[in-house]
Amino acid sequence: MTKPLDGIKIIDFTHVQAGPACTQLLAWFGADVIKVERPGSGDVTRNQLRDIPDADALYFTMLNSNKKSLTLDTKKPEGKEVLEKLIRESDVLVENFGPGALDRMGFSWERLNELNPKMIVASVKGFSDGHHYDDLKVYENVAQCAGGAASTTGFWDGPPTISAAALGDSNTGMHLAIGILTALLGRDKTGKGQKVAVSMQDSVLNLCRVKLRDQQRLERVGYLEEYPQYPHGEFGDVVPRGGNAGGGGQPGWVLKCKGWETDSNAYIYFTIQGHAWEPICKALGKPEWIDDPAYRTAEARQPHIFEIFKTIETWLADKTKFEAVDILRKFDIPCAPVLTMKELANDPSLRASGTIVEVPHKKRGSYLTVGSPIKFSDMKPEVTASPLLGEHTDEVLASLGYSKQEIFNLREAKAV
Ligand code: CAO
């Protein structure tokens, strides 16, 4: 089966999570992704949090499927020469080194553009170019703090909180993938490559868009009526942490179900969608609430919204999270069980759709990963194992025209 990105060659000069998440996505869709790694060690995540001695860690295998691995010391002259050859033949180079590392290696944007004017050079950095923090190295949680997620996540009486979702890493990688695909389409029109840059701070902020909305509303009217602080609590001059309130204007909360005393995930998320008040009352067996002026409108409900949630919890007390959702779905109420990683890993629907996949690996046996969350009518992205360190070195060098003897010499020089 041909894939949309067949024939697109990508030099994957990425490591850890933000960059690898981007190139993995492009590899699923058919791109020939060649991961360039330091001989001997490779991407640091190969060794991070290992669960099997001497086998690549899951951190690496889950972010580098469908790629090739070429070991290359790009600080050695022999390594630089190989990289230059690869650059001349490639469509995209993706990197997420610390600030200035690529320049120090001798591969500035100007040099790359000179070597291959058609190539797209895509970078992730913590902060955008010219930002007053643009010299900083950045990891996930740093980006969540710098992009507004931490100050608006968690409970109002606790500290700023980090989300488990990789808003700084994989999210930035997804933004970069969109940038690369856009630049590839642009190249079809102009024949020219360009530089595509995404910062982790900007990508986090992009997902915190509604919080910037709330900052402006707060400054104008002094309160945010969908936050738990309204109407009984105090508002300061910055968007507060709203606990588990819905961000989009539909009040909601995480509610206890049967078994919560012993199971820390026996909860559902329940949304009180304004126009669905009648079905909510019917589902809860509270028909008297439908026309009661104290309950009828969202505005009337807000002052005692937590009492309403308490009543719903009483209704939930003899129902598991799955039983509750099975009842509420019939009334069109937006809700879901709070699912654990164990439940997701074994979810038959996610297995059937290819969102959770089991991948055979040469050294590990098989491992679970998250497959493509993007589904196509004409293509089912297949997930293949991440490469062993340097697994494709000979193959890639041979494709660049290196003879067996020359490859041997590169090995002797410890350049590959
Ligand atoms: N051959 C030779 N040298 C290589 C090489 C190769 N194949 N691959 C990398 N290197 C070198 C780099 O050239 C750099 O050398 P210098 O610093 O001497 O110029 C060196 O390895 C270290 O690179 P680095 O700064 O990227 O690595 P680090 O571990 O110190 O920092 C990180 C890691 C992630 C903080 C940093 O890369 C960064 O800020 N990246 C941008 C933001 C980002 O993507 N962060 C998300 C990471 S996921 O949580």
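Bear in mind these aren't lab numbers, they're just calculated from the coordinates by the rules spelled out. Note that this is a predicted model, so its numbers are computed, not measured. Glycine also receives a Cβ, built like all others from the backbone with ideal geometry; neighbour counts cover every protein chain displayed.
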Segments 164-170, 180-186 sorted - mean Cβ within 10 Å per residue, highest first: 164-170, 180-186
Sequence ranges 301-310, 337-346, ranked by mean other-Cβ count within 10 angstrom, highest first: 301-310, 337-346
GNM flexibility winner over the chain from 202, 134, 188 (Cα, springs under 10 Å): 188
Stretchable slack from residue 192 to residue 38, in nm (0.36 nm times residue separation minus alpha-carbon distance): 52.5 nm
Three-way shape call for region 12-150 based on the alpha-carbon gyration tensor, with the a/c threshold at 1.5: oblate
Mean Cβ neighbour count within 10 Å, used as a protection proxy, ranking 22-34, 3-15 highest first: 22-34, 3-15
Radius 10 Å from Cβ of residue 68, net charge of other residues (Lys, Arg +1; Asp, Glu -1): -2
Placed amide H near residue 122: partners under 5 Å, 5+ positions off or other chain: 93, 94, 95, 196
Amide H contacts under 5 Å for residue 386, placed H, 5+ residues apart: 66
Cβ-defined net charge surrounding residue 353, 11 Å radius [Lys, Arg +1; Asp, Glu -1]: +2
MRE, 222 nm, helices only [DSSP H, n ≥ 4, -39500 (n - 2.57), over the chain, to nearest 500]: -10000 deg cm²/dmol
Charged-residue dipole, Cβ positions (Lys, Arg, Asp, Glu), region 252-333 about Cα centre, Debye nearest 20: 140 debye
C-alpha long axis of helix 18-28 to longest principal axis of the chain, angle in °: 80 degrees
Neighbour net charge for residue 401 - beta-carbon separation under 14 angstrom, K R +1, D E -1: -3
Under the Karplus curve 6.51 cos²θ - 1.76 cosθ + 1.60, θ = phi - 60°, whole-Hz ³J(HN,Hα) for region 162-171, x wherever Gly or Pro sits: 8, 7, 6, 5, 7, 5, x, 8, 4, 4
Residue 37 long-range amide H proximity, modeled H, under 5 Å: 70, 71, 72
Added length on full extension, which subtracts the Cα-Cα distance from 0.36 nm per residue, residue 330 to residue 261: 22.1 nm
Bins of 10 Å from zero: percent of alpha-carbon pairs in region 332-416: 14, 27, 23, 18, 12, 4, 1
Measure of compaction for the chain (Cα Rg per 2.2 N^0.38 Å): 1.18
J(HN,Hα) series, region 408-416, from Karplus relation 6.51 cos²θ - 1.76 cosθ + 1.60, nearest Hz, glycine and proline x: 4, 5, 4, 5, 4, 7, 6, 8, 10
Dipole magnitude of the chain about its Cα centre (Cβ charges: Lys, Arg +1; Asp, Glu -1), debye to nearest 20: 740 debye
Karplus-derived HN-Hα couplings along region 352-357 (A = 6.51, B = -1.76, C = 1.60, θ = phi - 60°), whole Hz, x at Gly and Pro: 5, 7, x, 7, 10, 10
